[in-house]
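Asker: Okay, here's the structure, questions in a sec.
Just so it is clear, none of the values below were taken in a lab; they were calculated from the coordinates. This structure is a prediction, so every number in the text was calculated from the model and none was measured. A quick note on method: Cβ atoms are made from the backbone with ideal geometry, for glycine too, and the neighbour counts reach across all protein chains shown.
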Amino acid sequence: MPVAWETLGTGGPIIALLAVLSLFSLTLIAVKVIQLWPVRSGLARRAEAFRQWREGDKHAAQQTVTAGSSPADRVTAYAMQALAKGFRGPRLESELMRRGNDEVARMSGMIRTIELIAVISPLLGLLGTVLGMIQSFQELEMAEGAANASVLAGGIWQALLTTAAGLLVAIPAAVGAGLLSARIEGAAQRIESAVGEMLLTDENPPV
């Protein structure tokens, strides 16, 4: 292991840092996947709750939507509770917007960290390449022209290895952050749609 570490030259510490960032980002992605898995669920449950609300069975509607686990279910459940208590108008809409924003903020936690890892990993790899190239040319200068091509080539591949490592860390992080962000956007749309349908249902009771 020490021999392998020495072959990395100045890129060794950067490779180690990139390995830590890779493990950290993959762990965050796994945690966020588990957290965000149910955020777009409950569409059929909410449709059933809206039907019960329109038919006048408000208690059953609240029980139906409260059983859900998605952000849209939680915001809808609060909307039903507030409407059942006579809380309406701009104040209710503002509170629903606040709760919706809180749900989105909670879902978005740590996404910025994953995006940051995707941004800085290639830069760290490039830094390692630059440091490795500097070291190679310093060795060439110290050899006063006596160094052969294999020595210079060895220094170059060691330097380029850090760039490759940086890209290997950045690509999964960028893909993960993009897919997770898309799922959060979809959940936010579900919240907005559910709130809009709930308010419309309450304004248009059955005749």
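Asker: Put a dot 7 Å past each Cα toward the Cβ at Glu55 and Leu23; how far apart are the dots in nm?
Answerer: My value for the distance between the label points is 5.6 nm.
Asker: Multiplying the sequence separation of Ser193 and Leu160 by 0.36 nm and subtracting their Cα-Cα distance, what value in nm do you get?
Answerer: 6.9 nm
Asker: Using θ = phi - 60° and the Karplus curve 6.51 cos²θ - 1.76 cosθ + 1.60, what whole-Hz ³J(HN,Hα) does each residue of the range 177-192 get, with Gly and Pro shown as x?
Answerer: 5, x, 5, 5, 5, 5, 5, 5, 4, x, 5, 5, 5, 5, 4, 4
Asker: From the residues Thr113, Gln81, Ser70, which one has its Cα farthest along the dipole of the chain in the positive direction, the dipole being from +1 and -1 charges on Cβ of Lys/Arg and Asp/Glu about the Cα centre?
Answerer: Farthest towards the positive end: Gln81.
Asker: At q = 0.10, 0.14, 0.15 Å⁻¹, what log₁₀ I(q)/I(0) does a Debye calculation on the Cα points of the chain give, no solvent, two decimals?
Answerer: -0.60, -0.83, -0.89
Asker: Given points 7 Å out from each Cα along the Cα-Cβ axis, report the Ala16 to Leu168 separation in nanometres with one decimal.
Answerer: Going by the 7 Å Cα→Cβ label model, 1.8 nm.
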